[in-house]
Structures are given as structure tokens and as C-alpha cells.
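Q: Just passing along the structure, written as C-alpha cells.
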Amino acid sequence: MTTAMPMTRFIRGEVLEMLRLGRLLGVGFVEILPIRPAGRAVVQCAHGELTPSAGRDVDRIVRDFNSGREHEDLPSLATPAYLESPERFGCVAGTERLFISTAGDVQPCPLVNLSVGNVVREDFRVINDRLRGLLAKPRREQLCMQLDPAVRQYVSQRPGEIDLPVDERTSCELLKALPASPLPDAYA
């Protein structure tokens, strides 16, 4: 079960209710994704959900729910803000995880408005190989944070001209231009 909520609202009572619902539905884990602006709203994204102070609060809540005896009958709790920190697994966008939109666009992550191909027009294995060539290993830095300035600039320079995700050619160029990233602690 996956849900989206602003990390500023990531509080114990609301999380507990989601986990209880997950238990009723028989799910193994509940993943809480940060809300991310879509379409042209990406230009105004502030990334508050990935700030270090929000991360500390999320760490504490995730640890409490996943290790506390009083919650052992509940599904486990997952969130990118916890799992994808540099001290754990880092950003696995395009390496361990990818996103396919309802239109068939293959994106490194649902938080990144880039498309490296479309499964309606091209074989998934070809697209996946392309993505793995661009993002070969997990990163310490969040891909969405690193790419956001370039995506914002691209979108703002084309008012009314483009739909998101960014087209394949431009997406691949933006991914190729990324600086190298050290491996997260879990892989080092």
C-alpha cells in the first residue's frame, strides 16, 4: 500500500491509522511517499520533505513503528526519506527502482519528471538497459534534488510548450550530465 502525504504531517497518529488500515487489508508494508508537484508545478517545488530536520523526525517515527513491540502486529513502515538516506541505501532511482507512468513513460523515479523511453513504443528491456547505462549504481545524493535545477530551467524556458515528463532525448542528456556520486553507506 502506498500513500502520499507532506512530511510535515508525518505524525504518529496518522501513521498509526494508515498502518492499522494496512493490517486490515493484509499488506506487508505501508510506504509513505512525499508529495511531489506534478506538471508545471515542478518549477515551484521546494523539496521540504527531504530536508535534514524532516529526515530526523521521520527516522525516529520509522524506527519506533518498525522495532517497537507494541506495533509488531502492524505492517512495516517504509518511506524514501528513511530508506534512501546516504547512511542507508541512498537514492536507488533507476538502479533498484523505476517508475512507469500510466502513459507508459519509464522514469527513474516517480519524483523525477524525466522519461528514458515509453513501453508503448519500445521494448521494456531496451529501455531498462538504457536507464541502467545512465544510472548504474545507487547515489548518496537524491536524484530529484540533483536534477531539479535543470528540470526547472528546462520547463521555465518553454512556457506552454511542453508536457512532463521531459522527452527522452533531453532526459538522457540531463542524466548523462550528472556528476558521479559516491556509494551510500549500505553499499560501501
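Q: Looking for something more than 20 Å from Ser101 (Cβ to Cβ) and not small (Gly, Ala, Ser) - is there at least one such residue anywhere in region 114-128?
A: So far as region 114-128 goes, no, none of its residues is more than 20 Å from Ser101 (Cβ to Cβ) and not small (Gly, Ala, Ser).
Q: So, one more: Collect the residues in region 94-107 that are out of contact with any Ser or Thr (no Cβ under 7 Å at 6 or more places or on another chain) and either open to solvent by 10 Å² or more (accessible area, probe 1.4 Å) or modelled with pLDDT of 95 or more (or both), keeping them in residue-number order.
A: Hits for region 94-107 are Thr95, Glu96, Arg97, Leu98, Phe99, Ile100, Ser101, Thr102, Ala103, Gly104.
Q: Tell me, please, whether a residue that is open to solvent by 30 Å² or more (accessible area, probe 1.4 Å), at pLDDT below 95 and in contact with a Pro (Cβ under 6 Å, 6 or more places away or on another chain) can be found in region 135-142.
A: Yes, there is a match, as at least one residue in region 135-142 is open to solvent by 30 Å² or more (accessible area, probe 1.4 Å), at pLDDT below 95 and in contact with a Pro (Cβ under 6 Å, 6 or more places away or on another chain).
Q: Does region 108-117 hold any residues that are open to solvent by 10 Å² or more (accessible area, probe 1.4 Å) and either touching a helix residue (DSSP H, G or I) at 6+ places or on another chain (Cβ under 9 Å) or hydrophobic (A, V, I, L, M, F, W, C) (or both), and which are they?
A: Hits for region 108-117 are Cys109, Leu111, Asn113.
Q: Let me ask another. If only one of Leu50, Leu83 is of a type outside the set (Gly, Ala, Ser), at pLDDT below 90 and within 28 Å of Tyr154 (Cβ to Cβ), which one is it?
A: Residue meeting the stated conditions: Leu50.
The values are calculated or read from the model by the stated rules, or taken from the named source; none is laboratory data. Here the structure is a predicted model, which means the values were calculated and not measured. Note: ideal-geometry Cβ built from the backbone for every residue, glycine included; neighbour counts use all protein chains shown. We work out accessible area using only protein heavy atoms, side chains counted, and drop any ligands, DNA or RNA first. Shrake-Rupley method; radii C 1.70, N 1.55, O 1.52, S 1.80 Å.
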